[in-house]
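Down below is the structure, laid out as structure tokens.
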């Protein structure tokens with residue numbers, strides 16, 4: 001059994017989740033705290049991957065990464081390699097596709113916080129960044145855990161977007177979900193079953209962890 005697609009999927013999920021936590025935190029904080037009229041528009045754009053067919057998103061990302069585009073041409077000039085059909089392209093596609101699975105749990109965690117605690121910290125002389133790091137972030141710990149788990153798991157299970165953007169290149173862009181598709185195409189159902197069972201178990205344990213954490217965060221009723 002070739003574990004290459006599994007390790008590549010884990011690497012992609014780890015990098016994507018780390019980047020999304022960094023990029024998604026300020027976005028989620030702004031969405032949770034701002035009263036700007038633009039908030040619903042940004043929320044809708046952020047949530048688009050939840051309802052948009054993966055092939056549609058993958059198609060437009062493929063156009064964006066094309067060597068003839070500004071982004072694809074700049075990447076080609078800097079690295080000598082195309083952004084499409086590369087691991088870097090998979091990372092970019094995954095950032096877009098898994099964005100709501102990281103931002104929404106963080107936004108909910110920030111929105112549920114008691115504003116009085118932040119105001120109390122401000123009266124004690126804590127600046128905005130200090131209040132965020134010492135008060136808001138620790139209070140949102142469960143939100144961070146849910147965001148990390150969901151973002152990681154969703155990236156592991158990607159298929160349509162990554163197939164459109166990265167193709168099926170062994171050792172370069174062949175992820176575990178694409179490996180399953182290839183095994184089914186070649187009628188190798190035994191291998192496809194092993195990969196599918198692994199993903200099924202992983203998905204179940206992921207959801208179990210998220211629901212367990214969320215349930216423990218609920219107030220106890222006497």
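The values are calculated or read from the model by the stated rules, or taken from the named source; none is laboratory data. Since the model is a prediction, treat every value here as computed from it, not as a measurement. Every residue, glycine among them, receives a Cβ derived from its backbone with ideal geometry; neighbour counts consider all protein chains shown.
Below are the figures for this structure:
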read-out: The lone exception for residue 91 - which of (1) within 11 Å of the chain's Cα centre (by Cα); (2) outside any helix (DSSP H, G or I) it fails; value: (2)
read-out: Count of the stretch 72-95 residues which are closer than 12 Å to residue 158 by Cβ and buried (at least 21 other Cβ atoms within 10 Å of the Cβ); value: 3
read-out: Qualifying residue in the stretch 26-39 (condition: part of a helix (DSSP H, G or I), within 14 Å of the chain's Cα centre (by Cα) and either under 30 Å from residue 139 (Cβ atoms) or modelled with pLDDT under 95 (or both)); value: yes
read-out: Cβ-Cβ under 8 Å pairs, at least 6 apart or on other chains, the stretch 199-222 side at negative phi and modelled with pLDDT of 70 or more, far side surrounded by 14 or more Cβ atoms within 10 Å (Cβ to Cβ) and part of a loop (DSSP other than H, G, I, E, B); value: 199/157; 203/157
read-out: Among (1) closer than 18 Å to residue 163 by Cα; (2) free of Cβ contacts under 8 Å to residues at least 40 places away in the same chain; (3) over 18 Å from the mean Cα position of the chain (by Cα) - the single one residue 52 does not satisfy; value: (3)
read-out: Helices (runs of 4 or more DSSP H) enclosed by the stretch 98-182 - at least 1 residues per element that are in contact with a helix residue (DSSP H, G or I) (Cβ under 8 Å, 6 or more places away or on another chain), within 29 Å of residue 88 (Cα to Cα) and in contact (Cβ under 8 Å) with a residue 12 or more places away in the chain; value: 99-111, 141-156, 160-166
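Quick grid of which residues meet (1) touching a helix residue (DSSP H, G or I) at 6+ places or on another chain (Cβ under 8 Å); (2) closer than 26 Å to residue 170 by Cα; (3) surrounded by 15 or more Cβ atoms within 10 Å (Cβ to Cβ):
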site	(1), (2), (3)
5	yes, yes, yes
34	no, no, no
41	no, no, no
46	yes, no, yes
